[in-house]
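*Asks:* Before we start, here is the structure in question, set down as structure tokens.
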Amino acid sequence: MLEFKDVTIQYGQNVIVRKFNMKVESGEIVSIVGESGSGKTTVIRAALGLLPGDGRVSAGDILLNGQSVLSNSREEWLKLRGDKMAMIFQDSGAMINPIKKIGDQYVEYIQVHDKMDKQAAYNRAVEMLSNMRLPDPDRVMNSYAFELSGGMKQRVGIAMAMTFNPELLLADEPTSALDVTTQAQIVRQMMEINKKYHQSIICVTHNLGLAAYMSDQIIVMRNGFIVESGDRDAILNHPQNLYTKNLLSAVPTMGGERYV
Ligand SMILES: Nc1ncnc2c1ncn2[C@@H]1O[C@H](COP(=O)(O)OP(=O)(O)OP(=O)(O)O)[C@@H](O)[C@H]1O
Ligand SMILES: [Mg+2]
């Protein structure tokens, strides 16, 4: 459904990502792994049409359901980001308005996107919060952000991003601000929702263990290049590249268990 073909991305004259290739099928989870500064966020921002400043795709093509998105207008991007794609941020807590109850924000968010009465929007929000296994969703709806833990806020952010069942979810370090046990739970819930609704997910992480746990495909990046990519099992069992081997040997444990 989403394909990057030999994509080069630059900010001004600085080439940041070179010859990036990726093919994400419907319902598939792909992780992009790599050290800080390797270009992971740049890649997913390009997929969302949200490269900051003088960032641009200077070569190659990005196709969504077979159609190039590179010459999309601002309006076309806005529509895509409303209907087909959604983004999960590293720190969803920071996206939540501190002076409004979660429920009021969530209902408003739903009503901006969809013609639904208040009660229907409320019910939809509660259903999504339950999907993320938030205990007592009615209480969460009636809370302010400061009354929730970091993990709860992140669950609210993920629930909101998944509300309109986007075909493609782009998650940039969705759990890295959380402790390992909470990370493991949230990733499991994202996977459950992925199974239920068949969304494709692109997940950026610097944690190869997390990538191994959740993904069908893994892409390993370094300095703007893909050093290795392929099916999860191939990458884990037969890494070809020394850099990937080093990453594998440095995998931290998640929730007390090692997944690779
Ligand atoms: N707006 C920008 N203008 C110019 N250069 C940028 C901009 N954003 C990022 N870069 C550069 O692009 C390179 C890749 O950055 P990017 O944020 O994609 O890395 P990353 O892999 O997501 O790193 P991290 O794991 O730290 O989030 C870096 O060298 C960075 O300095
Ligand atoms: Mg980043």
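The values are calculated or read from the model by the stated rules, or taken from the named source; none is laboratory data. Nothing here was measured: the structure is a model prediction, and the numbers come from that model. Neighbour counts run over all protein chains shown; Cβ positions are idealised from the backbone, glycine included.
*Asks:* Take the residues of segment 145-176 that are part of a loop (DSSP other than H, G, I, E, B) and more than 21 Å from Val204 (Cα to Cα): which is modelled with the lowest pLDDT?
*Replies:* Among them, the one singled out is Phe164.
*Asks:* Of all residues in segment 65-79, which are closer than 17 Å to Leu169 by Cβ and touching a strand residue (DSSP E or B) at 6+ places or on another chain (Cβ under 7 Å)?
*Replies:* Across segment 65-79, the qualifying residue is only Val69.
*Asks:* Another question, then. Report, by residue number, each residue of segment 28-79 that is out of contact with any Ser or Thr (no Cβ under 7 Å at 6 or more places or on another chain), of a type in the set (A, V, I, L, M) and away from ligand 1 (no atom under 16 Å from the Cβ).
*Replies:* Leu63, Leu64, Val69, Leu70, Leu78
*Asks:* Output the residues belonging to segment 1-19 that are within 11 Å of ligand 1 (Cβ to nearest atom) and either in contact with a helix residue (DSSP H, G or I) (Cβ under 9 Å, 6 or more places away or on another chain) or in a loop (DSSP other than H, G, I, E, B) (or both).
*Replies:* Residues satisfying the conditions are Ile9, Tyr11, Gly12, Gln13, Ile16, Val17.
*Asks:* Next up: In the set Ser36, Ser68, Ser31, which member is under 30 Å from Ala250 (Cβ atoms), modelled with pLDDT of 95 or more and of a type in the set (S, T, N, Q)?
*Replies:* On the way: Ser36 fails: modelled with pLDDT of 95 or more; Ser68 fails: under 30 Å from Ala250 (Cβ atoms).
Going through Ser36, Ser68, Ser31 in turn, the sole match is Ser31.
*Asks:* Taking segment 150-177 on its own, how many of its residues are within 16 Å of ligand 1 (Cβ to nearest atom) and among the aliphatic types (A, V, I, L, M)?
*Replies:* Total satisfying the criteria: 3.
*Asks:* Oh, and also: Out of Asp231, Asp179, which single residue is away from ligand 2 (no atom under 16 Å from the Cβ) and either within 12 Å of Val33 (Cα to Cα) or modelled with pLDDT of 90 or more (or both)?
*Replies:* Criteria check complete, one pass: Asp231.
Rundown of residues vs (1) more than 16 Å from ligand 2 (Cβ to nearest atom); (2) of a type in the set (Phe, Trp, Tyr); (3) without any contact (Cβ under 8 Å) to a residue 24 or more places away in the chain, yes/no style:
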| site | (1), (2), (3) |
| --- | --- |
| Thr41 | no, no, no |
| Gly49 | yes, no, no |
| Arg56 | yes, no, no |
| Val69 | yes, no, yes |
| Leu78 | yes, no, yes |
| Met87 | no, no, no |
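*Asks:* Is there a residue in segment 82-92 that is over 15 Å from Leu168 (Cβ atoms) and surrounded by fewer than 15 Cβ atoms within 10 Å (Cβ to Cβ)?
*Replies:* Looking through segment 82-92, none of the residues is over 15 Å from Leu168 (Cβ atoms) and surrounded by fewer than 15 Cβ atoms within 10 Å (Cβ to Cβ).
*Asks:* Next question. Name every residue in segment 91-132 that is of a type in the set (A, V, I, L, M, F, W, C) and in contact (Cβ under 8 Å) with a residue 60 or more places away in the chain, in order of residue number.
*Replies:* In the first step, residues of segment 91-132 are kept if they are of a type in the set (A, V, I, L, M, F, W, C); the result is 94-96, 99, 102, 107, 110, 112, 116, 120-121, 125-126, 128-129, 132.
If the condition is that a residue be of a type in the set (A, V, I, L, M, F, W, C) and in contact (Cβ under 8 Å) with a residue 60 or more places away in the chain, then Met95, Ile96, Met132 are the ones that fit.
*Asks:* Can you confirm whether Leu51 is in the same structural domain as Glu228 (by TED's automatic domain parsing), modelled with pLDDT of 90 or more and over 25 Å from Arg155 (Cα atoms)?
*Replies:* Yes, satisfied.
*Asks:* In this structure, is Ser36 surrounded by fewer than 13 Cβ atoms within 10 Å (Cβ to Cβ) and within 16 Å of ligand 2 (Cβ to nearest atom)?
*Replies:* Spelling it out, Ser36 is indeed surrounded by fewer than 13 Cβ atoms within 10 Å (Cβ to Cβ) and within 16 Å of ligand 2 (Cβ to nearest atom).
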